[in-house]
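Below you'll find the structure, written out as structure tokens, and then a few comments.
The values are calculated or read from the model by the stated rules, or taken from the named source; none is laboratory data. Being a predicted model, the structure only gives us computed values, none of them experimental. Using ideal geometry, Cβ is built from the backbone for each residue, glycine included, and neighbour counts are taken over all protein chains shown. Keep in mind that these areas ignore ligands, DNA and RNA; they rest on the heavy atoms of the full protein, side chains included. Shrake-Rupley method; radii C 1.70, N 1.55, O 1.52, S 1.80 Å.
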Amino acid sequence: MRKLWKFLFLPLCALFLVPSAAAADEAPIEGHLASQTFYVDSSQKSTHAYNIDGYNYVRLRDFGRMLDYSVTYDEDAGTVSISSSGTYEGDRDLPEDNWPETVTAAPTSQQVLVNDAPSDIQGYEIGGYNYFKLRDLARALDIQAIYDGAREAVELDKTAHYFERQGNTIILMYHAFCETEEEALLSPTLYTTPERFRENINDLLALGFEPLTLEQYYNGEADPDKKYFIVTIDDGYLNNYEIAYPLLQEMQLHADIFCVVQDLSGGRNSHFTYDQAREMEESGYVSIYSHNLLHERATSMPSAELSSMFSTAYHSLSQELKKKTLFLAYPYGDHNQETYQLAKRAGYKLQLVQGRQFAADDILVRMDMYYDTDINTLVQNAVYN
């Protein structure tokens, strides 16, 4: 017989973001009451979780209650199920239990069905309840679960697909292109040449790296057992269109270009326009994203002005280029907890910086590419996203 999880004594599950769950033959392990706040579609939810080996585990009933997904128990089969097509019918309020700060967690063999399909999700039994890893649940349901270090929060988004950093991808950051070495040496931290760019890419390929786009990375198309690089170019200089774009076509290589959005409307002869951006995007070798409306340090701007700039740039790119998913690269990599929250509210799915100021799953780190950058040294010292 199939029973709804309505009663406090029935065991359920819990989780938070990470790799595979514990095997049933593992020894008990210590868990600690998690400090994170939980949000679903930007709305704060009351629940508790336990941190085990650096990951959060939650009861399935609490997970279903937060997401308003149905949770059922099949006594005959000994399985628990969660379904995104049903609604939660158990108690809506979190009991005022005094959850212990430290617990002993024993691996459980409880079978979890996700949308009626068997899963390999396993968990721990804590105090008579089954808890499951949040990241494993989110992955199985294909919903986004992002750790936000700025607020010490876990954000669940039912409208976005599952995303997880793989730790195997270097993101390269170029700026301007010129034809000759003599020109590049006048400003080697800004310029590179087609010859040097080819050398960089060929060196990475020789080391076993494969090219990837930001969109592919965000969509989870990276193989965790491979190594990747992503080419990004900043500012939207005209030489990106005149030199880099033909080079990318010749090499059959993709680049993600972060443009100062106001410059795309014309008025600066040193930067390419929306018409040229559309041409590059239509080729399939270039994707255009936001380097904010103006090339200014985000942390030096008043909150209201920065929020307006983020939104204006976002909507301009969305309308002009018909883009549904947009990413933001901060000018100078300049960001803090406030800019992070404002960019998320504007709709940006990933934020790119040169050095992460706090932990957040959707902040990616890029590596400066200078004219004299040595690829072997870069690979050894790079931040892998």
A 1.4 Å probe over the protein heavy atoms gives the chain a carbon and sulfur accessible-area percentage of 44 percent
Ranking VAL286, SER265, GLN341 by how far each Cα lies towards the positive end of the charge dipole of the chain (+1 on Lys and Arg Cβ, -1 on Asp and Glu Cβ), the top one is GLN341
per DSSP, antiparallel bridges as share of beta bridges in the chain, % nearest 5, sits at 50 percent
Counting only protein heavy atoms and leaving out ligands, DNA and RNA, the solvent-accessible surface of HIS315 at a 1.4 Å probe, in Å² to the nearest 10, equals 100 Å²
Ordering TYR285, TYR162 by the accessible surface of their heavy atoms, 1.4 Å probe, largest first, yields TYR285, TYR162
Accessible-area order for SER109, SER283, largest to smallest, probe 1.4 angstrom, reads SER109, SER283
Along region 127-139, Karplus-curve 3J(HN,Hα) (6.51, -1.76, 1.60; θ = phi - 60°) to the nearest Hz, with x for Gly and Pro, reads x, x, 10, 8, 10, 10, 5, 4, 5, 5, 5, 4, 4
Measuring from its Cα centre, the chain shows a charge dipole (+1 at each Lys and Arg Cβ, -1 at each Asp and Glu Cβ) which, in debye to the nearest 20, is 1000 debye
Check: C-alpha center region 341-383 vs C-alpha center region 145-185, spacing in Å is 5 Å
Region 116-176: relative contact order from alpha carbon pairs under 8 Å, six or more residues apart, as a whole percent, is 21 percent
Taking Cα atoms, the helix 274-283 axis meets the longest principal axis of the chain at an angle in degrees (rounded to 10) of 70 degrees
Amide H neighbours of ALA153 at under 5 Å, excluding residues fewer than 5 places away on the same chain, with H built from the backbone geometry, are THR37, ASP148
